[in-house]
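Since the structure comes first, as structure tokens, the remarks are kept for the end.
The values are calculated or read from the model by the stated rules, or taken from the named source; none is laboratory data. Everything numeric in this text was worked out from a predicted model, so none of it was measured. Note that each Cβ is placed from the backbone with ideal geometry, even for glycine, and that neighbours are counted across all protein chains shown. When the accessible area is computed, the model is the full protein with side chains, heavy atoms only, and any ligands, DNA or RNA have been set aside. Shrake-Rupley method; radii C 1.70, N 1.55, O 1.52, S 1.80 Å.
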Amino acid sequence: MMRVDIIRTRFKMFHRYIFSSPPFSTVLKASAVIATGFLLSACQLNPSQSQVAEVKVFEQAEIEQAQQQAEEIFQQFYQYQLDNSPVLRSTLALPGQFEWDDISLEAEQQYNEKLQEFRQRLIAINQPALNAKDRLSYELLLQDIEQSLLFTPFTHHGYPLSQMGGWHTRVPNILINYQEIDNIQGAHDYIQRIKGVRHLFNDLIRQLEKSEEAGIIAPAFVYPSIIAAAENVIKGAPFDKKGDSPIWADFNSKIEALDLYDSSNKVLIKKANRAMKRSLLPAYKDLIKFLKQQQLRAPEFQVASDLPQGAEYYQLLLQSYTTTSLTADQIHTTGLAEVARIQQKIRQLIKSLGYPPAQKKDFDPKQVELKPFFTWMEDNAERFDQDPQGQADFIAYQRDKVAAMSMRLHTSFNTLPKTPIVVRPVAEYRQQSAPIAFYEQPALDGSRPGFYYVNPARQHDLPRYRLAALAYHEALPGHHMQIALARENQDLASFRRLLGFNAYSEGWALYAEKLAAEMGGYSSDEERYGQLIMELWRAVRLVIDTGLHAKGWSQQQALDYRLANTPFSEQDSIKAIQRYLVMPGQATSYKIGAIEIERLRKKAKKALGRDFSLAEFHQVILGQGALPLDLLEQQVDLWIKQSDK
């Protein structure tokens, strides 16, 4: 899973919704976009087909004017995103940041108005006069803007805070991991940001109040995690004598590294101390107080369909996350089929894994019950010890897997990222709220590497045999491979180097787990089994997410299904289901994206035969930055046509 601070000021989503081509005013409501089958067919990935039209020849002046207008808008849109988000600038390693994003309701309104302005300017361009490269950028930007505007009626539907994170964890994350202090001015910028937290949290509390007025409160189970994470930020010096708080420790270590005169050092420490006590501490206390009060009013269980216009909202989320017009029923059916297919693959491995009943002469793998086998595998699985040595071994194991995979990349890729990937343990202050592993993106200029974070506090959650697939998903050849190549691609318009589509990015990372097997990344049948379990995990998500949000499933139904069809524990399953409850639709993007990438690979291999090159196919998939699945297929089709001459 990637952790990304997206450039939206209010509705921070991890996806993009793509329109095929019609103007925004002609797009059907989400609830009206219905497809007829459940398979990922071309018609579903291309909701509208353009008519064959006479090719118009443009004058050179028309071509130059259209190109100039488009490139100007591309650059201005990119710059607007930077200007509008100091946090985004920090994540891109742009220096001199001392503010937080404006998350006020007024800023949100201004943002939407600006998007409308960009849209009007785009549709005024003579699009057919653009070259192929700019036409693709044009379509991506127009669709991205229109997707954002389509969510305007659902401003309050997303939960600003949950057990998955929010501003309460983003503040220390940005300060500690992205706020560099290279000189005295950098120290003042850091202090200024500490001072700004109170205003930021005032706007955040106002957001939460407005959402509640609209009838939307996060489910009750999120509050203990949010409150605990917020309290961890204000534990320790300078607030009390129980060690150092995470931000205080970070500031002091960065100041110490400057090697300043004692007088300068004391002044900066004093100013930071004052800012922490007068701004950061009351900001977090106010937020915690509000959350404890709101917790009493929170619903015990809530799905997307419980929200105002919930069915429309969920269908729009599915379209956004998958970049297809697949309905909840179609995704649910696809999930059931994928679960059955992967379980059959697992059955084929059972004997080689040493399962005692499988050693009998009359053993039939097609008839074996998986639940007892899952239990046997979990009971006998090797895990890292929960002690300091076990933590060191856990981190070293992940580093070794990533390093070994980096040496194999040339066998399947023509272009490799220049930006390094660093495996790093999750800092203690956010271990309890962080997943077992996640990826954070590199700086735009490559000055800061990509980070594959592994969480020592959760190292016992997964058996050792599943960790290889996890590393390949998050690092290489998964997220880091895809994102670093996009960031480094100078041929792309600037905004495209940052653009993301969940079905594409998570689909690629899940595809990468399976690709790793072809590259020799799994050294045992146990690790190959682990890859199948990770794939099964994502297939089950299709069933549970749609079951909860569209088919009226209770939490117990979701829990029963996961426990019956996977080796995951009850505690792990409850946490997973709670994630799906607060992030409706997001979990469907992984498998839908991977299915499509695999389909495109088979399509290209069938069309090209002996001329098919896996490395060239991967270049097509990764060479244009993130794309929605329909436009991804267009790029593959173009490559097939060019290669088949």
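Within the stretch 380-391, identify whether any single residue is within 30 Å of Val620 (Cβ to Cβ), crowded, with 17+ Cβ neighbours inside 10 Å and not β-branched (Val, Ile, Thr), and answer yes or no.
Keep residues of the stretch 380-391 that are within 30 Å of Val620 (Cβ to Cβ), which gives none.
Scanning the stretch 380-391, I find no residue that is within 30 Å of Val620 (Cβ to Cβ), crowded, with 17+ Cβ neighbours inside 10 Å and not β-branched (Val, Ile, Thr), so the answer is no.
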I need every pair where a residue in the stretch 274-292 that is among the small types (Gly, Ala, Ser) has its Cβ under 7 Å from the Cβ of a residue that is open to solvent by less than 10 Å² (accessible area, probe 1.4 Å) and part of a helix (DSSP H, G or I), sequence separation at least 6 or different chains. Ala275/Ile191; Ala275/Ile194; Ser279/Ile194; Ser279/Val197; Ala283/Val197; Ala283/Phe201
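Using the structure shown, decide if Val33 is more than 30 Å from Gln185 (Cβ to Cβ), modelled with pLDDT under 95 and either surrounded by 12 or more Cβ atoms within 10 Å (Cβ to Cβ) or within 28 Å of the chain's Cα centre (by Cα) (or both). Write out each step before concluding.
Values: more than 30 Å from Gln185 (Cβ to Cβ): yes; modelled with pLDDT under 95: yes; either surrounded by 12 or more Cβ atoms within 10 Å (Cβ to Cβ) or within 28 Å of the chain's Cα centre (by Cα) (or both): yes.
Here the answer is yes, as Val33 does meet what is asked.
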Of all residues in the stretch 404-461 being of a type in the set (A, V, I, L, M, F, W, C) and within 21 Å of Ala229 (Cα to Cα), which is surrounded by the most Cβ atoms within 10 Å (Cβ to Cβ)? Val454
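Just give me the residues in the stretch 210-222 being assigned to a helix (DSSP H, G or I), touching a residue at least 12 places away in the same chain (Cβ under 8 Å) and open to solvent by 20 Å² or more (accessible area, probe 1.4 Å), in sequence order. Spell out how you get there, then give the answer.
The first filter runs over the stretch 210-222 and keeps only residues assigned to a helix (DSSP H, G or I), leaving 210-213, 222.
Those left that are additionally touching a residue at least 12 places away in the same chain (Cβ under 8 Å): 210-212, 222.
Across the stretch 210-222, the qualifying residues are Lys210, Glu212.
Conditions tested, residue by residue: (1) more than 26 Å from the chain's Cα centre (by Cα); (2) open to solvent by 10 Å² or more (accessible area, probe 1.4 Å); (3) within 30 Å of Asn173 (Cα to Cα).
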| position | (1), (2), (3) |
| --- | --- |
| Gln75 | no, yes, yes |
| Gln81 | no, no, yes |
| Ser90 | no, no, yes |
| Ala93 | no, yes, yes |
| Trp100 | no, yes, yes |
| Arg121 | yes, yes, no |
| Ser148 | no, yes, yes |
All but one of (1) free of Cβ contacts under 8 Å to residues at least 24 places away in the same chain; (2) over 25 Å from His332 (Cα atoms) hold for Ala615; state the number of the condition that does not hold. (1)
Residue among Gly520, Gly530 that alone is open to solvent by 10 Å² or more (accessible area, probe 1.4 Å) and not aromatic (Phe, Trp, Tyr): Gly520
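Under the condition of being of a type in the set (D, E, K, R) and outside any helix (DSSP H, G or I), which residue from the stretch 613-645 is modelled with the highest pLDDT?
Residues of the stretch 613-645 of a type in the set (D, E, K, R): 616, 630, 633, 637, 641, 644-645.
After this cut, where a residue has to be outside any helix (DSSP H, G or I) as well, the list is 644-645.
Details: Asp644: 77, Lys645: 68.
Only one residue fits best here, namely Asp644.
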Phe374 vs (1) touching a Pro at 6+ places or on another chain (Cβ under 7 Å); (2) surrounded by 21 or more Cβ atoms within 10 Å (Cβ to Cβ); (3) part of a helix (DSSP H, G or I): all pass except (2)
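Would you mind stating whether Phe301 is under 22 Å from Gln586 (Cβ atoms), more than 23 Å from the chain's Cα centre (by Cα) and either surrounded by fewer than 20 Cβ atoms within 10 Å (Cβ to Cβ) or of a type in the set (Lys, Arg) (or both)?
Numbers: under 22 Å from Gln586 (Cβ atoms): yes; more than 23 Å from the chain's Cα centre (by Cα): yes; either surrounded by fewer than 20 Cβ atoms within 10 Å (Cβ to Cβ) or of a type in the set (Lys, Arg) (or both): yes.
Criteria met by Phe301.
Can you confirm whether Ile395 is in a helix (DSSP H, G or I) and open to solvent by less than 10 Å² (accessible area, probe 1.4 Å)?
no
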